[in-house]
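Read-outs throughout are calculated quantities, based only on the coordinates presented, and are distinct from any laboratory measurement. Since the model is a prediction, treat every value here as computed from it, not as a measurement. Counting neighbours? That spans all protein chains shown, and the Cβs are built from the backbone with ideal geometry, glycine included.
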Amino acid sequence: MRIKKYAGMVMVLLVMALAASVATRADEPHSGTWKMNPAKSKFSPGPANKDMTLKIDEDEKSIKVVGDGTDGEGKSIHVEYNAKLDGTDTPATVPFGDTIALKRINAHTIQSIAKKDGKVVMTVTSTVSADGKTRTSKFKGKDAKGNAVNNTVVYDKQ
């Protein structure tokens with residue numbers, strides 16, 4: 001009889017842990033797979049990226065991003081980093097820099113500062129919509145060639 005009693009308690013604890021995990025996940029709006037919506041995105045200067053897909057895993061302290069796509073000239077783009085949301089520089093694979101520093105602005109917005117050789121080259125502010133279906137990233141700074149960039153990239157949740 002004791003075994004059944006403990007088995008029931010273990011089951012209740014597992015259900016509670018699962019519910020807590022799901023509730024916590026709802027507070028992490030950037031998590032998931034996001035596909036660029038070219039029709040809603042604006043690139044200045046162009047040409048616009050042809051496609052981009054991001055896989056993001058967020059928790060309250062950090063974000064891991066892995067992304068692959070194709071730029072406007074048909075070249076592959078790869079983005080990858082795993083950074084804390086504390087504003088510290090972290091090595092990153094991004095087309096325009098070699099480190100990234102992240103900070104949370106609010107529950108739905110994260111600011112990323114990319115640097116190349118210690119100098120700020122790009123600020124990216126990414127916001128997830130209230131319904132969680134759209135992620136908009138605004139890029140301001142300089143690209144790898146030193147050209148001024150003012151892009152708005154819209155992603156749809158997959």
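Which residues among segment 39-70 fall inside the zone where the amide N is under 19 Å from a point 7 Å beyond the Cα of Gln158, along Cα→Cβ?
39-41, 49-58, 64-70
Going by C-beta contacts inside 10 Å, put Asp59, Asp117 in order with the fewest on the left.
Asp117, Asp59
Which GluC sites (Glu not before Pro) from segment 37-103 combine a DSSP loop assignment with at most 15 other Cβ atoms within 10 Å?
Of the GluC sites (Glu not before Pro), the ones in loops of segment 37-103 whose Cβ has at most 15 other Cβ atoms within 10 Å are Glu60, Glu73.
Of Lys35/Lys64; Lys55/Lys140; Lys55/Lys75; Lys40/Lys116; Lys40/Lys84, which pairs sit farther than 26 Å apart, going by alpha carbon to alpha carbon?
Flagged as over cut-off: Lys40/Lys116; Lys40/Lys84.
So, R0 is 41 Å and r is the distance between the beta-carbons of Lys84 and Lys35; what FRET efficiency does that work out to, to 0.05?
Working from the Cβ atoms, E equals 0.95.
Determine the gain in length on full extension of the stretch Asp51-Ile77; use 0.36 nm per residue of separation and subtract their C-alpha separation, reporting nm with one decimal.
Extra length available between Asp51 and Ile77 comes to 8.4 nm.
Mind running the shape call on segment 29-157? Use the C-alpha gyration tensor, a ≥ b ≥ c as the square roots of the eigenvalues: rounded below 1.5 for a/c, prolate if a/b tops b/c, oblate otherwise.
The shape class here is oblate.
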